[in-house]
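The values are calculated or read from the model by the stated rules, or taken from the named source; none is laboratory data. All values derive from a computational prediction rather than experimental measurement. A quick note on method: Cβ atoms are made from the backbone with ideal geometry, for glycine too, and the neighbour counts reach across all protein chains shown. Note: accessible area is taken over every heavy atom of the protein model, side chains too, but ligands, DNA and RNA are not part of it. Shrake-Rupley method; radii C 1.70, N 1.55, O 1.52, S 1.80 Å.
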Amino acid sequence: MAERRSGAAEGLARFSEWADGHLGLLRNLSAGMAVAGLLVLARSVRMTAKFTSALDIPVEFVEKNVKLRGKLHRVTEKGLEVEHIPISIPFITSIQRKWQSKGLLLVRLAGVELAPSGMAWLQRELKPQQIIWFQLLGREDLALHCLVLVNKGRFLSVCLNEELLRQGLGRAARIEGLHHDSRLYWKLHKRLLRAELKALKKNKGIWKEESYSERIRDRISNNKFVQTLKQFASWLRSSIQR
């Protein structure tokens, strides 16, 4: 038993000597682990932070086209006013809530030029407090240009950008925030153009053709001879009244 104790003591003494001789290395390892821990914590804090302004969102989030979740508050002419819902992590989230400020993000439908009927459709289809997802494509001042997705059932989600164009409630436009020559730009732009083409083929929304009677009436009213007759009738009435 004494021999075992002496062996353990000798091992401990050797480890102590080695630690003393490599104290700098141990300190560096401890510092490195501490830095790594701080980086992980910082990353967690950024992922769980509640963004109340477009300027709060890190640049790399926009560059990597991160998808965020939010709660819709209202639909306006400027865009969708959305309350960001961050990822929830025990302990970190509870601490952050104590100093989180209030504010709404302005989300715009990227690549879509809305018609007035499109605005009315959004106000009718989207409800306050509805949960939506928005994928960051670009940022312009205080506005975010995004693909906006809403859940339709348990396993189905609809991209509002495409749906508006499929219904003929707007026109495909330049996708702000993405480089015009990037692969992602053309991938998304083709999707939007295909959606617009479907509405055009089916004469939906702004692409709806006038009826035959409406076209005939417009042609008659724009005919020069008819316009001359109207002018003559107007002159004749004014002459009789005198």
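Please give me the summed charge of the neighbours of TYR185: other residues whose Cβ is under 12 Å from its Cβ, Lys and Arg +1, Asp and Glu -1.
Net charge in that neighbourhood comes out at +3.
Rolling a 1.4 Å sphere over the protein heavy atoms, what is the accessible area per residue of segment 135-201, to the nearest Å²?
That works out to 57 Å² per residue.
Go through segment 163-172 residue by residue and turn each phi into a ³J(HN,Hα) via Karplus (6.51, -1.76, 1.60, θ = phi - 60°); whole Hz please, and just put x for glycine and proline.
Per residue, the Karplus-derived 3J(HN,Hα) values read 4, 4, 6, 5, 8, x, 9, x, 10, 5 Hz.
Each label point is 7 Å from the Cα along the Cα-to-Cβ direction; what then is the distance between the points at THR48 and ASN203, in nm?
Between THR48 and ASN203, the label points sit 5.8 nm apart.
Calculate, in whole percent, how much of the Cα-Cα pair population of segment 112-194 lies beyond 19 Å.
Roughly 41 percent, rounded to a whole number.
For segment 171-203 and segment 116-132, what is the centre-to-centre distance using only Cα atoms, to the nearest Å?
21
³J(HN,Hα) across segment 180-192 via Karplus (A = 6.51, B = -1.76, C = 1.60, θ = phi - 60°), whole Hz, x for Gly/Pro?
With coefficients 6.51, -1.76 and 1.60, one gets 4, 9, 7, 5, 5, 4, 6, 4, 6, 5, 5, 4, 5 Hz.
Using mean Cβ contacts within 10 Å as the protection proxy, how do 188-197, 104-113, 140-149, 118-127 order, highest first? Don't skip to the end; give the middle numbers.
Details: 188-197: 17.9, 104-113: 22.2, 140-149: 19.7, 118-127: 15.4.
Going by the mean number of other Cβ atoms within 10 Å, highest first, we get 104-113, 140-149, 188-197, 118-127.
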